[in-house]
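No value in this document is a laboratory result; all are computed from the given coordinates. Model, not experiment: these values are computed from the prediction. Virtual Cβ from ideal backbone geometry, glycine too; neighbours counted across all protein chains shown.
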Number of protein chains: 2
Amino acid sequence: MSMRPFTHTITLAEAKTIIDAGITPLMRHETIVLDDARGRVVAADVVSALDVPPFDRASMDGYAVIAADTRGASADAPTPLTMTARVYTGDMPDSVVRPGTCMEIATGAPMPAGADAVVMVEDTSANGDRINVRTAIRVGQNVGPRAADIAIGHTVLREGDVLNASRVGALAAIGAAAVNVWARPSVAILSTGNEIATQGTALAPGQIYDINRYTLSAIVQDHGGIAHPISTARDTLPALHAAIDACLAHDLIIFSGGSSVGERDLILDVVRERGEVRFHGIAVKPGKPTLFGMIEGKPVFGMPGYPSSCLSNAYILLVPVLRRMAHLPLTAPRTMRMPLAARVASTPGRHQFYTVRVENGTAVPAFKASGDITSMSRADGYIEIEAEITEVPAGTEVTVTVF
Amino acid sequence: MSMRPFTHTITLAEAKTIIDAGITPLMRHETIVLDDARGRVVAADVVSALDVPPFDRASMDGYAVIAADTRGASADAPTPLTMTARVYTGDMPDSVVRPGTCMEIATGAPMPAGADAVVMVEDTSANGDRINVRTAIRVGQNVGPRAADIAIGHTVLREGDVLNASRVGALAAIGAAAVNVWARPSVAILSTGNEIATQGTALAPGQIYDINRYTLSAIVQDHGGIAHPISTARDTLPALHAAIDACLAHDLIIFSGGSSVGERDLILDVVRERGEVRFHGIAVKPGKPTLFGMIEGKPVFGMPGYPSSCLSNAYILLVPVLRRMAHLPLTAPRTMRMPLAARVASTPGRHQFYTVRVENGTAVPAFKASGDITSMSRADGYIEIEAEITEVPAGTEVTVTVF
């Protein structure tokens with residue numbers, strides 16, 4: 001067997017269409033406690049079984065009154081009322097506000113029967129139990145009515161809502177101790193190659209450390225998945241078959257390395273034997289030697305072994321897949337428009353992923369070479385240059401996707 | 001004791017200045033394994049003890065050659081070379097490329113001695129061991145030189161770098177199994193109030209569920225902290241003193257509730273007794289009854305009990321504090337500029353936090369009332385309206401901070 005050059009590459013758009021056809025949102029869901037809910041996606045509409053607030057309550061510190069009693073009150077001619085009780089938060093008042101009387105009330109405390117408004121403490125003066133009201137107020141003033149925030153039967157959250165702080169708060173408001181969310185995609189990550197050494201051990205001649213296992217795990221976690229790194233497979237067919245067996249317990253399988261055209265690059269053969277190769281080779285730079293296929297219904301990526309090629313393809317191809325499987329919104333608002341600080345040349349016919357630093361509101365080219373992880377670790381994000389563009393002049397307004 | 005109205009509020013800018021003076025980045029650091037490193041902040045420059053790559057390597061699949069041998073080669077007049085060996089990734093070639101010979105080589109494999117360039121497989125044809133080179137190449141072509149990405153002694157990461165995928169990858173590249181990062185601030189969260197019921201239990205009359213414990217925990221976790229909710233304290237001085245004792249094991253203390261002016265709002269008294277109140281009352285809407293102080297060197301926030309007031313103040317005041325303590329960059333790029341869809345009126349003299357939904361590229365006002373958690377859970381983010389502004393007309397370009 002000799003080396004097999006790429007006979008055919010497809011465009012990035014074609015690759016994305018083929019990948020899309022192989023991906024569906026995961027339909028598994030699970031119930032988790034609120035403390036673990038941050039960032040998760042609601043799997044079913046949540047309907048409230050109670051009113052929030054569950055009672056009319058004071059929205060200011062002051063005095064619960066009958067609004068009609070304050071008619072004509074002013075600073076010059078205050079209306080005197082007799083304070084008969086104090087109502088604190090957590091209390092249920094057991095007496096009634098009658099004409100000519102009032103009750104001291106704290107913000108959030110339940111309104112006593114009979115009262116229909118709250119006079120702010122700032123609008124009163126007190127002399128023992130005699131409260132002088134210095135302003136006229138209307139019915140309902142400074143009162144938060146029962147169910148004003150959430151009414152019984154109200155849909156508090158909808159399927160697909162991402163649980164940020166305020167949405168977790170909305171669940172807490174209705175007393176929910178747990179929430180039903182979409183399961184996170186479980187992703188098998190497997191770096192192949194005889195040259196891969198283990199972190200923390202010395203390199204033997206010809207060896208390098210595994211970078212892709214770590215960058216891919218971080219991307220998977222950043223975009224709603226659970227990363228399951230699997231022990232590095234040697235470049236033999238039996239080792240790769242055994243690895244596939246282990247991977248099939250997961251929802252998505254990502255190989256890195258072994259998808260180029262070298263004689264020992266066997267991923268292509270293994271995916272072909274075990275399932276179906278849907279494409280092999282994309283007109284992107286870096287990242288051409290990329291494979292996508294399906295094995296027993298599970299999508300399989302074969303990513304380039306070169307670390308920055310692997311990672312740039314992860315941003316362009318894998319992130320949308322992860323987010324779709326996880327029911328997360330496809331576009332996170334993490335892009336910025338700014339002028340390009342210096343001219344960038346691009347290879348004709350290849351969609352280019354180009355790293356930049358953000359400096360003084362401009363995008364400064366930060367690309368080194370496709371094997372260089374530092375070209376990415378020193379960048380703030382990337383721009384994409386369409387396949388037909390060969391040059392982007394300095395000053396062009398570009399869209400930077402932030403890492 | 002009677003109710004104590006706010007005699008004085010300070011501006012938001014004054015409040016931020018006072019808070020800033022009480023906050024310093026945490027100087028505790030810790031060593032963690034790479035798998036846990038995502039999102040953490042590097043505590044000390046990381047210098048490489050090795051070259052990456054550790055050897056000259058092929059950057060294409062093809063044949064390792066002596067460039068001079070290919071002089072004058074073309075498709076019409078190919079230069080024949082004799083293939084003497086194959087070099088795979090992970091191998092160290094044990095023979096030498098001599099004039100007139102070549103070795104098959106895979107991308108990433110170490111360059112054999114004698115060779116100084118790689119001819120791409122696409123630029124050759126093979127007939128057994130006879131390889132016809134159809135193009136002339138220059139010295140170094142398709143070779144990734146040793147140390148091209150990272151050289152021994154090179155600073156791979158700097159103190160303050162946030163560990164995203166590519167930076168974790170850079171650590172992996174140099175064989176690091178662990179990394180020294182700044183400790184995350186440990187934040188005690190305590191909701192006070194006799195009216196607070198436990199999630200999952202039925203409400204007694206006058207009770208409500210605790211929302212702030214959950215929204216504050218989410219904000220703390222979103223911005224680099226570890227949330228430690230502490231059992232809800234009853235509104236008594238001994239209970240609050242005991243709670244403070246428990247909180248002092250943490251780096252930052254956040255109370256919610258109990259900072260308004262009601263008779264039972266005792267946080268002010270407790271902070272005054274145990275430490276120092278630096279302000280109480282800010283001219284913001286919502287969120288006026290907010291307290292900041294110091295107890296035994298630990299910053300203490302007293303947040304309003306009303307859930308959306310508590311959360312809006314968390315965004316405006318707490319997020320910068322958390323990020324600064326955690327050594328995270330103060331401005332995360334999560335803002336968008338867009339026109340306001342409808343007029344918004346604002347209270348004169350109070351800096352307003354106003355929730356909006358993003359719809360069709362416009363910011364649609366989504367504010368309900370300051371007690372309403374749903375005014376935030378249905379919004380995508382917020383705009384801020386300066387204290388002196390009383391009206392923002394429809395169509396005004398506003399900055400939306402995304403939740």
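Annotations
- Backbone N under 13 Å from the A:L203 label point (7 Å along Cα→Cβ), restricted to region B:88-106: B:90-92
- Charge dipole magnitude, Cβ of K and R +1, D and E -1 - chain B, Cα centre, debye nearest 20: 680 debye
- Listed residue (A:T399, A:G361, A:M376) projecting farthest to the positive dipole end of region A:335-402, Cβ model: A:M376
- Contact order normalised by residue count of region A:57-144, Cα under 8 Å, 6+ apart, percent: 43 percent
- In sequence order, calculated HN-Hα J values of region B:388-403 (Karplus, 6.51, -1.76, 1.60; Hz; x Gly/Pro): 7, 8, 10, 8, 10, x, 4, x, 4, 6, 10, 9, 9, 8, 6, 5
- Among the residues of B:155-167, the average count of other protein chain beta-carbon atoms within 10 Å of the residue beta-carbon is 5.
- Distant-in-sequence amide H partners of B:K285 (H built 1.01 Å from N, under 5 Å): B:H351, B:Q352, B:F353
- Among B:G257, B:G206, B:V284 - extreme Cα towards positive end, dipole of region B:187-287, charges at beta-carbon: B:V284
- Of B:E384, B:E104, B:E14, the residue with the greatest mean-square motion in the GNM of chain B, using alpha carbon springs below 10 Å, is B:E104.
- Cα gyration tensor shape of region A:201-285, rounded if a/c is under 1.5, else prolate or oblate by comparing a/b with b/c: rounded
- Label-point distances for B:S95 to the equivalent site in the other copies, using a point 7 angstrom along Cα→C-beta, read 10.7 nm when ranked shortest first.
- Each copy carries a label point for A:T24 at 7 Å from Cα along the beta-carbon vector; from one copy to the others these points are 5.8 nm apart, nearest first.
- Per-residue ³J(HN,Hα) for region A:214-220, Karplus 6.51 cos²θ - 1.76 cosθ + 1.60, θ = phi - 60°, Hz, x for Gly and Pro: 7, 5, 5, 4, 5, 4, 4
- With helices as the sole contributors, the protein assembly as shown gives -4500 deg cm²/dmol at 222 nm; each DSSP H run of n ≥ 4 counts as -39500 (n - 2.57), and the sum is divided by every residue.
- Normalised by the number of residues in chain A, the average gap of Cα pairs under 8 Å and 6 or more apart makes the relative contact order 16 percent.
- Antiparallel DSSP beta bridges within chain A, percent to nearest 5: 65 percent
- The smallest convex shape that holds all Cα atoms of region A:264-387, its convex hull, gives 114 Å³ per residue.
- GNM result for chain B, Cα springs below 10 Å: residue of B:R71, B:R272, B:R334 fluctuating most strongly: B:R71
- Relative contact order, percent, region A:335-402 [alpha-carbon distance under 8 Å, six or more residues apart]: 48 percent
- The alpha carbon gyration tensor of region A:335-402 gives principal lengths a ≥ b ≥ c with a/c of 1.5 or higher and a/b no greater than b/c, which makes the shape oblate.
- Over all Cα atoms in chain A, the spread is summed up by Rg and Dmax: 31.7, 104 Å.
- Cα point-scatterer Debye curve for region A:296-357, base-10 log of I(q)/I(0) at q = 0.13, 0.16, 0.24, 0.28 Å⁻¹: -0.52, -0.76, -1.22, -1.27
- Gyration tensor over alpha-carbon atoms, region B:50-187, equivalent ellipsoid semi-axes in Å: 40, 13, 12
- Dipole-positive endmost among A:A68, A:A58, A:N142 within region A:57-144 (Cβ charges, Cα centre): A:A68
- Projected label points at A:H8 and A:N127, each 7 Å from Cα along the beta carbon direction, are separated by 9.8 nanometres.
- Alpha-carbon radius of gyration plus Dmax, which is the widest Cα pair, for the protein assembly as shown in Å: 32.3, 112
- Where chain B is carried onto chain A by rotation, the Cβ closest to that axis, with its residue and distance in Å, is B:R334, 4.
- Per-residue mean of C-beta atoms belonging to partner chains within 10 Å, peptide A:86-96: 5
- Cα-based Lys proximity count in the protein assembly as shown, under 24 Å, for pairs eight or more positions apart or on separate chains: 12
- Distances from B:S125 to itself in the other copies, using label points 7 Å out along the Cα-Cβ axis, amount to 10.8 nm in increasing order.
- Note on region B:335-402: with charges restricted to the Cβ of Lys and Arg (+1) and Asp and Glu (-1), its dipole about the Cα centre is near 180 debye.
- Computed about the Cα centre, the dipole magnitude for region B:57-144 is approximately 160 debye when only Lys and Arg (+1) and Asp and Glu (-1) carry charge, each at its Cβ.
- Virtual paramagnetic centre 7 Å along Cα→Cβ of B:I226, amide N under 17 Å, in region B:287-325: B:322-323, B:325
- Shielding score for A:47-57, defined as the mean number of other chain Cβ atoms within 10 Å: 3
- Top of A:E276, A:E359, A:E195 by mean-square fluctuation, Gaussian network on chain A, Cα under 10 Å: A:E359
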